[in-house]
Structure formats: C-alpha cells, structure tokens
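Here's the structure we're looking at; comments come further down.
The values are calculated or read from the model by the stated rules, or taken from the named source; none is laboratory data. All of these numbers come straight from a predicted model, not from anything done at the bench. Because the Cβ atoms are built from the backbone with ideal geometry, glycine has one as well, and the counts that use them run over all protein chains shown.
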Amino acid sequence: MKISECLKSGRVTVSCELFPPKKDGELEHVREVVRDMAALKPNFMSVTYGAGGGTSENTVRIAQEIESRGITALAHLTCVSSTKDQVARILAELKEKRIENILALRGDIPKDSDFPSPGHYRYACELVAEIKAHGGFCIGAACYPEGHIECAHKEDDIEYLKRKVESGCDFLTTQMFFDNNILYNFLYRILAKGINVPVVAGIMPVTNSRQIKRICALSGTVLPPRFKAIVDKFSDRPAAMEQAGIAYATEQIVDLISNNVKNIHIYTMNKPDVAARIMGNLSEIIG
Ligand code: FAD
C-alpha cells in the first residue's frame, strides 16, 4: 500500500523504525525484531539505510521481511551511501520486490568523505526527482522543525524543503523534537510557504542518557528544561530512565493527537519492547 493513501485517511496512524543488520550474522536477530514489531500492527515500518554502516542489501531484505509480515515497508535510501548507478539498481530491485515506499535522504556525511562527488546526487531533492522520474513509488523525505544543523537560516531551510517537496515528495517525516510547540510553529510556517503534503511527527523515546547526548550533538535538537531534568535525575538508573523516557514520549504523542497531529512515527530503533509499551499506553487513543 502507498503510505500517502494511509496518511490521508484522516485516522491516527502510528509507524515504527528499525535499522538493518550491519553484518549478516545479525540478520536473524533483526528478523525477530521485525516479527515482534509487526505483531503490534503499526501502519507501516521504516528501515534505515547507510546510517552507521548498514548495507543496501540488508535494507531491501528487511523491507521484504516487513512486507512478508503483512505490514507496509518504507525503505530509506541515501545519496551519500549510494552512487547514481547504485540508486538505479536499488530502484529496480525495490520495484521487482514490490516495495513501493521510499524515504529519500541525503544521509549524514562521514568524516573524511569526499562527498559531494560527481557520481552521487548531492541533495535529497535530486534523489526525489530521480525516484519520481522512475515512476510508481510513493516518496517521503525528511524535514527539521528546528532547522537542519548545517543550514544557518531556518527560512532558507524551509525554502529548500519546498523545492524538495516540489521535486515529487508525497509526505514528510520530521526529525525528533522534544517540545511539541516547536512542531506546531514549524507546521504553521511550512503551510504559509505552501507546503501542504502530510507531515509525520517523529518521536524518539529516550531510553538511555548516552544515546540522547550523541543524538543531540549530531542533530542540534534542543532538550527542553523539563526533559533535561528527567535525564539529569535518572541517567544513572537505566530502568528508571527507560520508564521516564517512555512516559515522556507517550505524553508528547497524546498532546500531538489532541491537537490533531494524527500521523506519528516512533523512532523505536530495534526495541520492540519499547514500542509495545508506548503502543500499550495509547491503546484506547489510537484504537
Ligand atoms: P537535504 O534535504 O539534502 O538537506 C541537507 C542540507 O542541505 C540542509 O541543510 C538543507 O537546508 C540544505 N539544502 C537542501 N537543498 C539545497 C539546495 N538545493 N541548495 C543548497 N542547500 C540545500 N540518515 C542516514 O544516513 N540514513 C537514514 O536512513 C536516515 N533516515 C532519516 C530519517 C529521518 C526521518 C530523518 C529526519 C533523518 C534521517 N537521516 C538518515 C539523517 C539525514 O540523512 C541527515 O539529517 C542529513 O544530514 C540530511 O538529510 P536530508 O535528506 O534532510 O538532506
């Protein structure tokens, strides 16, 4: 099923994210993660690409595994991790395997990389245009309520986002944020620019404090004082930190749905137990 159709249904949707194995020896474990997450019946499951060294074959394999469990898969694809020729091959493979949803990204540029190089697409908008020209795919892309870390001016970032959407995006998924007011403000600003594809709100349940420091350094995401107090209080008690992180994410989602933000993506990483606890907290709300 094309994700754009599901996002326009007017019902609340919840999706989960996982990353593929970095080595073939870990494939069986990730298959079990897929099985356990699929049992929660999310509207779709996305599988990352290239981040932290994951290979394209494993992204496609895991996307297939998700579809075989009766759940729609969203395969990520990045400019950084694949040359233009590789992109062409992966698109053909996805089409052959009947995976029809792609999240088109530039990717994070590794240190000492010579990117952008002539053999690669430089910006996600170029990759979006290529996938659109290929035909038959539902295309998503990333957006940043706090502005992308490399872009000095938020207005420029939104201008580039508009170009990306006009290249052929059907929907957007946000970077994580910990203050819903930042998202509401962003939604007003992009609407004013004429960006009106569905926006899926990305929520990260923070279950350990090391993870959050690394992610914030990488993405520039701001920790509001209320959330920082939780991290400071519980960072040396892992079970308490996990419980507090799940409670905070649940509360964010309840507030989003109360304010009519109906499409929620949970950055579950490869933790079906965390996904299950959040979905359990929301059972009557998303029912
Ligand atoms: P772009 O849209 O290309 O933007 C990158 C930067 O260039 C921005 O600063 C933008 O303002 C600027 N820009 C855009 N267009 C132009 C232009 N025409 N001229 C000048 N400047 C321009 N990374 C992975 O490696 N694998 C993943 O699976 C992955 N999944 C992700 C999923 C989500 C939902 C999100 C939010 C991020 C994900 N990332 C992933 C991280 C992402 O790749 C990085 O944030 C990356 O730095 C930017 O990717 P992008 O697609 O937003 O890039």
Tell me which of these Tyr184 doesn't satisfy, since it passes every other one: (1) farther than 25 Å from His76 by Cα; (2) surrounded by 18 or more Cβ atoms within 10 Å (Cβ to Cβ); (3) among the aromatic types (Phe, Trp, Tyr). (2)
Residues (hydroxyl-bearing (Ser, Thr, Tyr) and either part of a loop (DSSP other than H, G, I, E, B) or on the phi > 0 side of the Ramachandran plot (or both)) located in segment 192-218: Thr207
Quick one: which helices (runs of 4 or more DSSP H) sit completely within segment 1-85 and have at least 1 residues that are out of contact with any helix residue (DSSP H, G or I) (no Cβ under 9 Å at 6 or more places or on another chain) and farther than 30 Å from Val254 by Cβ? 27-38, 56-68
What are the residues in segment 145-166 that are surrounded by 22 or more Cβ atoms within 10 Å (Cβ to Cβ) and either among the hydroxyl-bearing types (Ser, Thr, Tyr) or in contact with a helix residue (DSSP H, G or I) (Cβ under 6 Å, 6 or more places away or on another chain) (or both), if any? Pro145, Lys164
The number of residues in segment 216-266 that are within 30 Å of Gly287 (Cβ to Cβ), surrounded by fewer than 18 Cβ atoms within 10 Å (Cβ to Cβ) and either within 16 Å of the ligand (Cβ to nearest atom) or without any contact (Cβ under 8 Å) to a residue 40 or more places away in the chain (or both) is 9
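Okay, residues lined up against (1) within 8 Å of the ligand (Cβ to nearest atom); (2) at pLDDT 95 or above; (3) assigned to a loop (DSSP other than H, G, I, E, B):
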position: Asp114; (1), (2), (3): no, no, yes
position: Pro118; (1), (2), (3): no, no, yes
position: Val128; (1), (2), (3): no, yes, no
position: Glu155; (1), (2), (3): no, no, no
position: Phe177; (1), (2), (3): no, yes, yes
position: Leu187; (1), (2), (3): no, yes, no
position: Ile190; (1), (2), (3): no, yes, no
Looking only at residues in segment 24-76 that are basic (Lys, Arg) and under 17 Å from Met269 (Cβ atoms), which one is farthest from the ligand (Cβ to nearest atom)? Arg35
Of everything in segment 25-48, what is touching a residue at least 12 places away in the same chain (Cβ under 8 Å) and among the acidic types (Asp, Glu)? Give them in sequence order. Asp36
Those residues that are more than 6 Å from the ligand (Cβ to nearest atom) and either of a type in the set (A, V, I, L, M) or not in a loop (DSSP other than H, G, I, E, B) (or both), I need them from segment 142-153; list them, please. Cys143, Ile149, Ala152
Of the residues in segment 157-169 that are of a type outside the set (Val, Ile, Thr) and more than 9 Å from the ligand (Cβ to nearest atom), the one that is nearest to Val47 (Cα to Cα) is Cys169
Out of Ala73, Ala51, report the one residue that is without any contact (Cβ under 8 Å) to a residue 60 or more places away in the chain, under 15 Å from the mean Cα position of the chain (by Cα) and under 17 Å from Ala275 (Cα atoms). Ala73
I need the full set of residues from segment 267-284 which are surrounded by fewer than 19 Cβ atoms within 10 Å (Cβ to Cβ) and more than 20 Å from Phe178 (Cβ to Cβ), in order please. Asp273, Ala276, Gly280, Ser283, Glu284
